[in-house]
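Working notes, structure below.
The values are calculated or read from the model by the stated rules, or taken from the named source; none is laboratory data. From a predicted model like this one, the values you see are computed outputs, not experimental measurements. Glycine gets a Cβ as well: all are built from the backbone with ideal geometry, and neighbour counts include every protein chain shown. In case anyone asks, the SASA skips ligands and DNA or RNA and just uses the protein heavy atoms, side chains included. Shrake-Rupley method; radii C 1.70, N 1.55, O 1.52, S 1.80 Å.
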Amino acid sequence: MVTVEGIVTSQPGIFGGQGFYIQDDTGGIYVFQHEADYNVGDQLRITAQTEVYNGEFELVNPASIEKIGKTQVPESKVVTSLNQENQGEKVQLKEGKISNVTSSQGAFEFDLIHENNITKVRVDHRTEITQDEFHLLYKEGDIVTINGISSNFKGTYQLKLLSLDDLEKVISQDITPPTIEDMSDMSVFVTGEFLQEIQVRDDQSGVNDIIVTLNGKESNNLHLAPMELPPGKYPVTIRVTDKAGNETSKTYDLLVKLDVDHLDELLEAGNERGYLKNKGAFVSLSKQISNIQKAKSSYLQEKKLEKLLRHIEKQNGKKVAEEFVSYWKIIE
């Protein structure tokens, strides 16, 4: 028989029977008993037998348990590993990574990787912490600081979690900017619509904002409506910031194209927008375009095209709206 004094540090019953851990300034130990009269913070004097059960040193078959006070539960001791020196005590492991979450009989477990050590963390179902509840708050790869009881099961030291409040996610300082995935096929015909999804990643604090600048206009996506810009090459700057304030940017060239095969579509689009003074202007230009597209040689096509472009330039502000003239540029 031995007699010890200590403070109850775990809720009776969450590890079997009405057992609990007690602790004083020298260490901690598990008390296996069946009376339901004790609570966390009780200061007790216990006379009991000792036993090693599944590798853990315990008090069993108590002859007497006396309440001698009520006090604050000791703060967790910061440790880097679990061992015989801290077995039975409340301890804290700082900034470990959650890994390998698995279900076990009557519990779930996960590994905590920290300071080149791997510590098994056991969450008994009697704590009323479910694996689903855990996964709502934490995922594999999260960095956490965790408090619990250092224990031993058949020679393997493990941390027993008492409450979800004993876990705290660590937000490490994010100094890495987001990444922007390269984009391809940055071209569109002047009469077509261009919409490109912007793929960005930030594995730490997360993406906060995406700003796209095209032709001096800012937006949150890369979109160009039909006839929004004349044919030409336009720089597109994509600027991404994350929630930690890191920023990255990339600039691409967007090519707005026009070729001979799309001249009729351009004329139709301009006519719909009121860029031609009357129907006669539309019919005249339509005939010229048809002749260009049906030309029997590239030489003839080129000459007819030059004639068309000179005609449109002469009609600038007359039969052809001034803003429409700039669209008549062959860019492929």
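Taking a ≥ b ≥ c as the square roots of the eigenvalues of the alpha-carbon gyration tensor, region 4-126 is classed prolate because a/c is 1.5 or more and a/b outweighs b/c.
Which pairs break 19 Å Cα to Cα here: Lys233/Lys329; Lys294/Lys314; Lys296/Lys319; Lys217/Lys277; Lys250/Lys329; Lys294/Lys318?
Values: Lys233/Lys329 12 Å; Lys294/Lys314 24 Å; Lys296/Lys319 29 Å; Lys217/Lys277 30 Å; Lys250/Lys329 28 Å; Lys294/Lys318 28 Å.
In this structure, Lys294/Lys314; Lys296/Lys319; Lys217/Lys277; Lys250/Lys329; Lys294/Lys318 lie more than 19 Å apart at Cα.
For Gln92, nonlocal amide neighbours, meaning residues 5 or more places apart or on other chains whose placed amide H falls under 5 Å from its own, are Lys77, Val78, Val79. Express the accessible area of the chain per residue in Å², computed with a 1.4 Å probe while the remaining protein chains stay in the model. Computed with neighbouring chains in place, this is 55 Å² per residue.
Of the GluC sites (Glu not before Pro) found in region 158-228, the ones in coil according to DSSP and having at most 11 other Cβ atoms within 10 Å of their Cβ are Glu181, Glu197. For region 2-31 versus region 74-108, the inter-centroid distance based on Cα atoms is 17 Å.
Run through region 40-84 and list the GluC sites (Glu not before Pro) located in a DSSP loop whose Cβ has at most 15 other Cβ atoms within 10 Å. Could you put the intermediate results ahead of the total?
On the way: sites: Glu51, Glu56, Glu58, Glu66, Glu75; in loops: Glu75.
Taking region 40-84 and a limit of 15 other Cβ atoms within 10 Å, the loop GluC sites (Glu not before Pro) found are Glu75.
Charge dipole (Cα centre; +1 on Lys/Arg Cβ, -1 on Asp/Glu Cβ; no other charges) of the chain amounts to roughly 2540 debye. DSSP beta bridges confined to region 183-332 are antiparallel in about 85 percent of cases. With one equal scatterer per alpha carbon and no solvent term, the Debye-computed log10 I(q)/I(0) for region 106-213 at 0.19, 0.22 1/Å reads -1.03, -1.23. Our summary gives region 25-101 a relative contact order of 32 percent, counting only alpha carbon pairs under 8 angstrom and 6 or more residues apart.
Size descriptors for the chain: radius of gyration and Dmax over Cα atoms are 37.6, 114 Å.
Would you work out if region 248-305 is rounded, prolate or oblate? Take a ≥ b ≥ c from the square roots of the eigenvalues of the alpha-carbon gyration tensor; rounded if a/c is under 1.5, else prolate when a/b is larger than b/c, oblate otherwise. Display every interim value, and only then the final one.
Details: a/c = 4.10, a/b = 1.41, b/c = 2.92.
It comes out oblate by the Cα gyration axes.
Net charge within 10 Å of Ser187 by Cβ-Cβ distance, Lys/Arg positive one each and Asp/Glu negative one each, not counting Ser187 itself? Counting the neighbours of Ser187, the net charge comes to -1. With Cα atoms as the point set, the radius of gyration and Dmax of region 213-262 evaluate to 13.9, 50 Å.
Dipole of the chain computed with +1 at Lys/Arg Cβ and -1 at Asp/Glu Cβ about the Cα centre; of Ser286, Ser163, Val2, farthest Cα towards the positive end is Ser286.
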